[in-house]
Amino acid sequence: MYRFCKLKTMIFWVCLLILATTYNDVTAADAKKQVSVELETTAQSAILMDGNGTVLYEKNSHKRLPPASVTKSMTLLLAVEAVEQGRVKLTDAVSVSENSWRQGGSQIWLEPGEQMNLHDMLIAVAVVSANDAAVAVMEHIYGSEQAAVEAMNQRAQSLGLADTHFANVNGLPVPEHYMSAYDTALIAKEAVKHPFYMELCGIKEYWLRGGKNWLVNTNKLLWWYKGADGLKTGWTQEAQYCFAGTAKRDGLRLISVVFATPEPRSHLRESIKLFDWGFANFNAQSIVLAGEVVERVSVNKGMEKEVQLVAAQDLNLILSKGQSKNLQKKIVVDPQINAPIQQGEKYGELLILRDGKEIGKVDLLAEKNIEKASLLRSLQNMVSNLFALSK
């Protein structure tokens, strides 16, 4: 009996030791996992998002805060879209109004009645965050600053920005003017689709007024950080230091936004911290390239029997390193579509799922035009189909 009790005691202690060892191993693994995802920032509000809109990290990202000159991320978006749509030209002479001349803060010291071409004005807004140039540009495009503000709020609504409201075009402190880090990231997500926008933001230095004024970009990450290519800095006493940054490495696009960091250059330091964490923990996996044929669909009553559908743009997914499994592709498209078919028109979507949850998608567009068939051609197709079925 004694030996049996002793044996039970030994078994108890051995099991306890095994459990303790196992617990330590699990705890260590959990701690390691926690370290890999733990990220702290001095910003009151922050977000790290990939180019598809996937949120990788956030801190109070929907908090409404004064954005300072990060406001101009939207100002520039509307101006670039106006250029792309042909509503204005880069060679346009922009006249300086009394209103634009009165703007304080960062400026290029425009004088009432002075004229400068739109291209130089946009560079001044993007590179040195010129408040006077921002107002002059938007007055030129919309006729008045108030009309421009209304357009900015409408564009914010179209982008689904729930925590953004503009009261001016440059971000100088006024009541009821606020943005959130999340909304700002969505603006940046839209901005990177426009090559001209990114060209403006990527200018490091520029000589204005025929070499009389030297502009140096306030975004120092263009020099300091590999892959950095945008987007907009900001500071006021009320807003503190703010930054919407973009960077791309090995096909992975990251968007970092920090609001209300406390001291000079802290907005850049905190952005680097977010970028470093993102690039260290995630990879971009190419799913499909723009123009690549994804599907063929039957065409009803067309001059041709089928049309090829191609990807509207590159689709790169962001995945945790070592976790590229369990991906599924799903094509959503009608099995048959009616002619006429217009090249570039959307006829479906390619969805990427992981464990049944959508993590990315791209529109599928018609590769070419297909005209509606004549009555004679339709009859020929019917006869051809009948013979095919009888075989």
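A short reminder: the numbers here are calculations on the coordinates, not readings from a lab. Values in this document were obtained by computation on a predicted structure and should not be read as measured data. In this analysis, Cβ positions are derived from the backbone assuming ideal geometry, glycine residues included, and neighbour counts consider all displayed protein chains.
Modelled this way, with points 7 Å down the Cα-to-C-beta line, the labels at residue 119 and residue 320 are 4.8 nm from one another. For the range 66-139, taking the reciprocal of the average inverse distance between every pair of different Cα atoms yields a Kirkwood hydrodynamic radius of 12.1 Å. Within the range 45-281, the proportion of Cα pairs with more than 25 Å between them is 34 percent.
Among rounded, prolate and oblate, which fits the range 189-244 when a ≥ b ≥ c are the square roots of the eigenvalues of its C-alpha gyration tensor, a/c under 1.5 means rounded, and a/b larger than b/c means prolate? Oblate shape, in that a/c is at least 1.5 and b/c is the bigger or equal ratio. Our analysis of the range 273-319 gives Rg over Rh at 1.33, with the two radii drawn from alpha carbon positions and Rh computed by the Kirkwood formula. Summing charges over all other residues whose Cβ lies under 12 Å from the Cβ of residue 178, with Lys and Arg as +1 and Asp and Glu as -1, gives -2. Of all lysines in the structure, those lying under 23 Å Cα to Cα from residue 329, and not within fewer than 8 positions of it along the same chain, are 321, 346, 357, 361. In this calculation the C-beta distance from residue 223 to residue 328 is compared with R0 = 30 Å, giving a FRET efficiency of 0.10. Positive contributions from Lys and Arg (+1) and negative ones from Asp and Glu (-1), summed over other residues with Cβ under 11 Å from the Cβ of residue 68, come out at +1.
Legend: ranking of residues 355, 92, 276 from fewest to most surrounding C-beta atoms inside 10 Å; resulting order 355, 276, 92. For the pair residue 308 and residue 89, label points projected 7 Å from Cα toward Cβ lie 3.8 nm apart.
Normalising by residue count, the range 151-258 has a Cα convex hull of 134 Å³ per residue. In terms of the mean number of neighbouring beta-carbon atoms within 10 Å, the peptides 266-273, 102-109, 203-210, 309-316 order highest first as 266-273, 309-316, 102-109, 203-210.
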